[in-house]
Amino acid sequence: MNTLTREFSMTINGKAVTTEQTVPVLNPANETVIAQVPKASQQDLNNAVKAARAAFTAWSAVSIEERASKLEAFSDAIIQQREELANLFTAEMGRPINGGFSSYMEIDSACHWCKVIARYRLPREIIEDNESHTIERYYTPLGVAGLIVPWNFPVLLAMWKIAPALLAGNTIVVKPSPYTPLTTLRIGEIARDIFPAGVFNVVTGENELGQWMTEHPDINKISFTGSTATGKKVLQSAAVNLKRVTLELGGNDAAIVLEDADPKEVVPKLFWAAFSNTAQICVATKRLYVHEKIYDEFLDEFKQYTKNIPIGDGMNPDTLIGPVQNKMQYEKVKALIEDAKSTGTNIVCGGTVEDKTGYFIPITIVDNPPEDARVVTEEAFGPVLPVIKYSNYDEVITKANNTDYGLAGSVWGKDLNLARSIAERLETGTVWINEAHILLPNVPFGGHKQSGIGVENSIEGLKEYTNTKTIMIKKK
């Protein structure tokens with residue numbers, strides 16, 4: 001896709017806002033600048049927060065049924081622009097227009113999430129009611145929520161935050177990644193016709209904008225999805241005025257293949273568990289442990305499957321895996337591959353990055369690297385996967401847990417009792433058995449250890465956007 005002809009604007013107080021300074025947005029498949037987006041100043045952010053603060057009183061007083069109705073209308077309005085948004089998404093993010101993890105899936109999933117979350121309610125709860133006392137618990141909105149969204153799922157993960165924040169009665173300021181702001185800005189335009197002015201604001205800029213948000217005294221909550229390193233900085237900034245925080249951070253997810261697994265059956269599933277969205281998924285399989293009894297057969301099957309996967313520009317209808325989204329991540333993944341080569345580790349597939357236009361990296365499989373190799377200990381967030389041999393289950397559980405991360409993991413095999421016993425010992429927020437990437441709006445999602453604080457989705461995720469308030473009434 002060539003340079004887009006339309007102008008992109010921020011949404012502040014229900015109006016379009018542009019700036020003299022702009023940030024270029026690149027198509028990762030060809031490295032061309034396809035658009036310029038506003039670069040918000042501190043004053044622009046202040047204006048957005050001020051508008052959100054002013055709108056909060058009226059919006060929080062609206063019934064939850066009416067807020068839910070607005071979210072339903074918002075979802076319907078987005079789906080009406082599905083084709084435009086999907087093409088815009090592929091242009092900025094690089095994900096294929098077709099396939100299982102397509103740009104259409106992103107738009108459809110976001111709309112589905114919005115509608116499911118809109119059905120939740122936060123009723124008054126009676127804790128105690130007797131002759132002497134009535135004790136009631138309420139859930140009240142926090143105020144202004146700052147929503148900081150990453151580049152790998154910029155629409156879906158934005159909706160994970162937008163829907164519960166608004167349903168709970170908060171007003172919002174959304175900041176998309178500077179790498180992928182276009183689709184979110186367009187959705188902000190759609191929101192202008194749905195929500196009262198000031199309720200839904202979208203601002204764009206570079207990294208300093210995120211810091212201004214986390215430090216802003218009039219933002220009551222930050223919901224951030226991104227790296228653990230940045231998440232720690234968010235937590236430090238939020239501590240200045242004790243903002244509430246939800247942090248969904250990095251992962252180094254392990255998949256464990258049991259000795260009774262059928263390689264032909266599980267390889268296709270594990271391939272996509274590792275490499276969907278060009279492996280740019282926080283819960284992607286990033287370490288693949290295979291029992292020694294089936295290791296050689298499994299590795300050969302995996303290698304053969306990999307050869308048939310077309311990689312290229314996401315706008316090509318035949319492409320199943322697109323480019324890495326940005327140059328910084330591209331260089332990080334290349335460095336991991338070069339490190340594996342320098343240590344003499346056997347690379348059985350891929351490993352050679354061609355010097356050509358676009359941030360393309362071949363599917364790279366590293367054969368049984370040592371546990372202290374960078375490709376094992378670091379989160380690649382790109383198409384590089386270590387496949388590691390193990391001999392007993394206690395050993396592999398120890399290895400899987402030997403990380404600062406604890407986001408998700410998976411176990412694969414026919415003995416479901418054994419698989420479950422292993423799953424229960426993994427130190428992660430989510431474990432799948434014989435599947436992966438099953439994330440649902442009614443199921444809480446959050447990390448253990450340094451993979452995050454709090455949860456998203458389900459009624460628990462909705463409560464993250466509220467304060468608990470207790471009213472005690474003495475009768476006698």
- [ ] Determine, yes or no, whether Gly350 is in contact with a strand residue (DSSP E or B) (Cβ under 7 Å, 6 or more places away or on another chain), at positive phi and not assigned by TED's automatic domain parsing to the domain that holds Glu84.
- [x] yes
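Please tell me if Glu65 is surrounded by fewer than 16 Cβ atoms within 10 Å (Cβ to Cβ) and in contact with a Ser or Thr (Cβ under 7 Å, 6 or more places away or on another chain). First the steps, then the outcome.
On the way: surrounded by fewer than 16 Cβ atoms within 10 Å (Cβ to Cβ): yes; in contact with a Ser or Thr (Cβ under 7 Å, 6 or more places away or on another chain): no.
No; evaluated as a whole, the condition is false for this residue.
One line per residue, one yes/no per condition, for (1) more than 24 Å from Gln450 (Cα to Cα); (2) crowded, with 22+ Cβ neighbours inside 10 Å; (3) basic (Lys, Arg); (4) within 23 Å of the chain's Cα centre (by Cα):
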position	(1), (2), (3), (4)
Asn326	yes, no, no, yes
Lys334	yes, no, yes, yes
Thr345	yes, no, no, no
Asn402	no, no, no, no
Open item on the list: Looking for something at pLDDT 95 or above, aromatic (Phe, Trp, Tyr), in a helix (DSSP H, G or I) and surrounded by fewer than 22 Cβ atoms within 10 Å (Cβ to Cβ) - is there at least one such residue anywhere in segment 302-315?
Closed with: yes
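Take Leu439 and decide whether it is farther than 22 Å from Val376 by Cα, outside any helix (DSSP H, G or I) and either at pLDDT 95 or above or touching a Pro at 6+ places or on another chain (Cβ under 9 Å) (or both). Quick ask: steps written out before the conclusion?
On the way: farther than 22 Å from Val376 by Cα: yes; outside any helix (DSSP H, G or I): yes; either at pLDDT 95 or above or touching a Pro at 6+ places or on another chain (Cβ under 9 Å) (or both): yes.
In short, yes.
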Task: Residues of segment 460-473 satisfying the condition of being among the hydrophobic types (A, V, I, L, M, F, W, C) and exposed (fewer than 14 other Cβ atoms within 10 Å of the Cβ) - done: Ile471, Met472, Ile473
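Table: residues versus (1) buried (at least 22 other Cβ atoms within 10 Å of the Cβ); (2) more than 22 Å from Asn326 (Cβ to Cβ); (3) at pLDDT 95 or above; (4) in contact with a Leu (Cβ under 9 Å, 6 or more places away or on another chain).
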| residue | (1), (2), (3), (4) |
| --- | --- |
| Glu83 | no, yes, yes, no |
| Phe89 | yes, no, yes, yes |
| Gly94 | yes, no, yes, no |
| Cys114 | yes, yes, yes, yes |
| Ile117 | yes, yes, yes, yes |
| Arg124 | no, yes, no, no |
| Glu128 | no, yes, no, no |
Task: In segment 392-418, residue nearest to Glu435 (Cα to Cα) [restricted to those that are free of Cβ contacts under 8 Å to residues at least 60 places away in the same chain and among the polar types (S, T, N, Q)] - done: Asn417
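Within segment 196-298, considering only helices (runs of 4 or more DSSP H) that don't extend past its boundaries, which have at least 1 residues that are surrounded by fewer than 24 Cβ atoms within 10 Å (Cβ to Cβ) and not assigned by TED's automatic domain parsing to the domain that holds Asp44? Can you show your working first?
Numbers: elements: 207-215, 228-238, 263-275.
Per the criteria, 263-275.
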- [ ] Mind checking which helices (runs of 4 or more DSSP H) fall wholly inside segment 372-425 and carry at least 2 residues that are of a type in the set (Asp, Glu)?
- [x] 393-401
- [ ] Among residues belonging to segment 404-453 that are crowded, with 21+ Cβ neighbours inside 10 Å and polar (S, T, N, Q), point out the one that is nearest to Glu464 (Cα to Cα).
- [x] Ser451
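Only residues that are closer than 16 Å to Arg192 by Cα and either surrounded by 17 or more Cβ atoms within 10 Å (Cβ to Cβ) or assigned by TED's automatic domain parsing to the domain that holds Asn326 (or both): list them for segment 8-46, please. Lay out the reasoning, then the answer.
First, the residues of segment 8-46 that are closer than 16 Å to Arg192 by Cα: 8-18.
Answer for segment 8-46, where residues must be closer than 16 Å to Arg192 by Cα and either surrounded by 17 or more Cβ atoms within 10 Å (Cβ to Cβ) or assigned by TED's automatic domain parsing to the domain that holds Asn326 (or both): Phe8, Ser9, Met10, Thr11, Ile12, Asn13, Gly14, Val17.
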- [ ] Considering every residue within segment 51-59, establish whether at least one is within 26 Å of Asn467 (Cβ to Cβ) and not hydrophobic (A, V, I, L, M, F, W, C).
- [x] yes
Task: Of all residues making up segment 442-476, the number that are under 18 Å from Arg137 (Cβ atoms) and part of a strand (DSSP E or B) - done: 9
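Out of all the residues in segment 57-65, is one or more closer than 17 Å to Arg192 by Cβ, at pLDDT 95 or above and in a strand (DSSP E or B)?
As a first pass, look at segment 57-65 and keep what is closer than 17 Å to Arg192 by Cβ: 58-59.
Filter again for at pLDDT 95 or above, leaving 58-59.
Those still in the list that are in a strand (DSSP E or B) too: none.
Checked segment 57-65: no residue is closer than 17 Å to Arg192 by Cβ, at pLDDT 95 or above and in a strand (DSSP E or B).
Hey, can you tell me all the residues within segment 45-75 that are of a type in the set (D, E, K, R), closer than 16 Å to Ile117 by Cβ and touching a residue at least 24 places away in the same chain (Cβ under 8 Å)? Walk me through it before giving the result.
Within segment 45-75, the first condition is being of a type in the set (D, E, K, R), and the residues that meet it are 50, 53, 65-67, 70, 72.
After this cut, where a residue has to be closer than 16 Å to Ile117 by Cβ as well, the list is 65-67, 70, 72.
Those that are of a type in the set (D, E, K, R), closer than 16 Å to Ile117 by Cβ and touching a residue at least 24 places away in the same chain (Cβ under 8 Å): Arg67, Lys70, Glu72.
Which of the residues that make up segment 227-277 are under 22 Å from Val384 (Cβ atoms) and either among the acidic types (Asp, Glu) or touching a Cys at 6+ places or on another chain (Cβ under 9 Å) (or both)? Break it down stepwise before answering.
The first filter runs over segment 227-277 and keeps only residues under 22 Å from Val384 (Cβ atoms), leaving 227-230, 249-257, 263, 266-277.
Of everything in segment 227-277, those that are under 22 Å from Val384 (Cβ atoms) and either among the acidic types (Asp, Glu) or touching a Cys at 6+ places or on another chain (Cβ under 9 Å) (or both) turn out to be Leu249, Gly250, Gly251, Asp253.
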Open item on the list: Here is a check on your reading of the model: is Val353 at pLDDT below 95, within 25 Å of Pro178 (Cβ to Cβ) and under 27 Å from the mean Cα position of the chain (by Cα)?
Closed with: yes
Open item on the list: Take Leu71 and tell me if it is more than 24 Å from Glu215 (Cβ to Cβ), assigned to a helix (DSSP H, G or I) and in the same structural domain as Val173 (by TED's automatic domain parsing).
Closed with: yes
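The values are calculated or read from the model by the stated rules, or taken from the named source; none is laboratory data. Please read all numbers here as calculations on a predicted model, not as lab measurements. Heads up, the Cβs are rebuilt from the backbone with ideal geometry, glycines too, and the neighbour counts pull from every protein chain shown.
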